[in-house]
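Here's the structure we're looking at; comments come further down.
The values are calculated or read from the model by the stated rules, or taken from the named source; none is laboratory data. Nothing here was measured: the structure is a model prediction, and the numbers come from that model. Cβ placement follows ideal geometry from the backbone for every residue including glycine, while neighbour counts extend to all protein chains displayed. All accessible areas refer to the heavy atoms of the entire protein, side chains included, with ligands and DNA or RNA removed. Shrake-Rupley method; radii C 1.70, N 1.55, O 1.52, S 1.80 Å.
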Amino acid sequence: MAVIGIESSAHTFGVGIVEKGKILANEKMMYPISDKGIIPAKVSEYHAKNASTVIRRALSAAHMGLGNVEAVGYTKGPGLGPCLEIGMLAAKTLHEKLGIPIYPVNHAVAHIEITKHLSGFADPMVLYVSGGNSQILSLAGEHYHVHGETLDIGVGNMLDNFARAAGMKPAWGSTVAKFAAGGRYVKLPYTVKGMDFTFTGLLTAAIKLLPSSSVADVSFSMQETAFSMLVEATERALLLNGKDSVILCGGVAQSLRLREMLATMSASHKKRFYVADNQFNADNGAMIAYVAERMKESGCTPLRSDLTINQKFRIETAGVP
Amino acid sequence: MTGIKGATKIAEGSEADIYESRMLGVPAIIKYRRRKPYLISEIEEEIRVQRNKAEALNMNSAIIAGARVPKILLFTAHSIFMTKIAGIQMARMAQDDKNYNPAAEGSGKMLAVLHAHNIAHGDYTPANIIVDDRGRAWVIDFGLSQRTNSEEDKAFDLLLFKRAVSRDCYKAFVNSYSENYRAAKRILKRLSDIERRGRYQSRTMAQA
């Protein structure tokens, strides 16, 4: 018997199927991003239109029918309200139609837990980086503790904003990386406060440099500066808390340069390092299904009043099964 | 560098290796800023040299301002040799230790002195307070400190300390801070502005 998970916190509508921790399907459809970015109402329309298609695709990839599904999970938050609504609606439909239990899942917990599961590490220091989030965390009892985080925007958001200001085409993060390949270093503000960091000052300074410097130089320098801040803060959290391993997850974990830096940092302290395959770093349904299955196994029974969405669902307030 | 001759490595921070030795006849601490192999050389050198320099300058400024801070014995491109403070980290003290409350007040006063002289510490947590046997608080690790008159930077010192201690400890700390720093009210106002920013709200709720 399998568990189905539905993810719809941003522009991806993802459906995953998991059975005893094994990933049987991980299907998705992504709203095509224009240079206007994500318009929540349009994206939710797109999700509503494609929800049943993606669910059908996932079932067929897992070679099963709805009769084999014994539970459903959905992303409760954080994310964009109108997008989250569609995922929840799809999950509630399955819940009521099939009479199976339903589990609300925290998006950040799901990214981290699936990566932890695939890594086999028991208690790693986590760097979670995406468009909206940039956090350094580790498990403290039944909750994640945030050691450090961005005090303004997520690192992915910074890369996107810069790319748009520089007139690049989507997908922005990887486009910045392509431009950065031939760049040379120019000095930009480097802001780490304890284990927290900020990106808006860096973004503004980088955009101001654009008219007088080459796009390659600014892309390279901004990317190096931002990733250095993240890895340095992770290094501090790692050593202060004496963990034996490091994992990287979230959309920006697809960056090869960030992976390289974090791997080098971890190796320099003889710590193990893991980053999952990109299908799990991008938003996906498998991670939601995985956490929902764990919630089911641990005997968690969500109240009817928990079956909502929460756009600002902080990870500290979410339990970890 | 794998070690310092005649010195014993006592700790590995994220920034630096800490050695203990004797110098000029007194117990000394040597803070050596390690290489960071994951950084490009420009950023690495910038961080090592600039932070080392800023740290030494700000320690000296803090001493001149009247704060309890280790004294610098020798300074090189990547290391600082300083006097050793005898005592224990406030972070390792039991809350019922007779020196705990004096330490909370003392760390509030020390931060007041630093802020009154426009020094933001940058990592003001109980791990960076050494409490001597008379309950006096000494401030160490100026590695992330900066000269600034920004309310925001000063408020972050308060925020870091607040997040790391109990409510009672913070109360003693902040009372002493307010008594010893004329602009304290403005900084505390800025702190509550920061805490009202979305991402701190549920964190505060989760802690409550």
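Numerical summary
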read-out	value
Criterion violated by B:Ala77 - all others in (1) within 14 Å of chain A (Cβ to nearest Cβ); (2) within 30 Å of A:Gly183 (Cβ to Cβ) satisfied	(1)
Qualifying residue in the range B:59-71 (condition: outside any strand (DSSP E or B), in contact with a strand residue (DSSP E or B) (Cβ under 6 Å, 6 or more places away or on another chain) and open to solvent by 60 Å² or more (accessible area, probe 1.4 Å))	yes
Of all residues making up the range A:131-147, the number that are open to solvent by 20 Å² or more (accessible area, probe 1.4 Å) and either charged (D, E, K, R) or within 20 Å of A:Met265 (Cα to Cα) (or both)	2
Total residues in the range A:216-249, condition open to solvent by 10 Å² or more (accessible area, probe 1.4 Å) and either modelled with pLDDT of 95 or more or among the acidic types (Asp, Glu) (or both)	6
Qualifying residue in the range A:250-266 (condition: within 11 Å of chain B (Cβ to nearest Cβ), surrounded by fewer than 19 Cβ atoms within 10 Å (Cβ to Cβ), touching a residue at least 40 places away in the same chain (Cβ under 8 Å) and not in a loop (DSSP other than H, G, I, E, B))	yes
Residue under evaluation B:Gly13, criteria (1) within 12 Å of chain A (Cβ to nearest Cβ); (2) open to solvent by less than 30 Å² (accessible area, probe 1.4 Å); (3) modelled with pLDDT of 90 or more, criterion not met	(3)
Single condition B:Leu24 does not satisfy, out of (1) at negative phi; (2) out of contact with any Asp or Glu (no Cβ under 9 Å at 6 or more places or on another chain); (3) of a type in the set (A, V, I, L, M)	(1)
Options A:Ile288, A:Ile315, A:Ile309; residue that is β-branched (Val, Ile, Thr) and within 14 Å of chain B (Cβ to nearest Cβ)	A:Ile315
Of all residues making up the range B:110-140, the number that are in contact (Cβ under 8 Å) with a residue 60 or more places away in the chain and either polar (S, T, N, Q) or under 24 Å from B:Met93 (Cβ atoms) (or both)	9
Number of positions in the range A:233-249 that are out of contact with any strand residue (DSSP E or B) (no Cβ under 6 Å at 6 or more places or on another chain) and at the interface with chain B (Cβ under 9 Å from one of its Cβ atoms)	4
Cβ pairs under 7 Å, 6+ apart, first in the range A:130-143 and within 12 Å of another protein chain (Cβ to nearest Cβ) and over 20 Å from A:Gly194 (Cα atoms), second of a type in the set (Gly, Ala, Ser) and open to solvent by less than 20 Å² (accessible area, probe 1.4 Å)	A:Gly132/A:Gly154
Residue count, the range A:92-119 (criterion: in a helix (DSSP H, G or I) and either over 12 Å from A:Leu307 (Cα atoms) or in contact with a Gly (Cβ under 7 Å, 6 or more places away or on another chain) (or both))	18
Which numbered condition B:Leu111 fails, given (1) open to solvent by 40 Å² or more (accessible area, probe 1.4 Å); (2) among the aliphatic types (A, V, I, L, M); (3) within 17 Å of A:Gly194 (Cβ to Cβ)	(1)
Selection within the range A:1-48 - out of contact with any strand residue (DSSP E or B) (no Cβ under 6 Å at 6 or more places or on another chain) and either assigned to a strand (DSSP E or B) or more than 23 Å from A:Thr308 (Cα to Cα) (or both)	A:Lys20, A:Gly21, A:Lys22, A:Ile23, A:Tyr31, A:Pro32, A:Ile33, A:Ser34, A:Asp35, A:Lys36, A:Gly37
Unique residue being touching a helix residue (DSSP H, G or I) at 6+ places or on another chain (Cβ under 7 Å) and under 28 Å from A:Phe162 (Cβ atoms) when the list is A:Glu27, A:Glu7	A:Glu7
Restricting the range B:136-182 to residues that are under 26 Å from B:Ser14 (Cα atoms) and acidic (Asp, Glu), the residue that is most open to solvent (accessible area, probe 1.4 Å)	B:Asp141
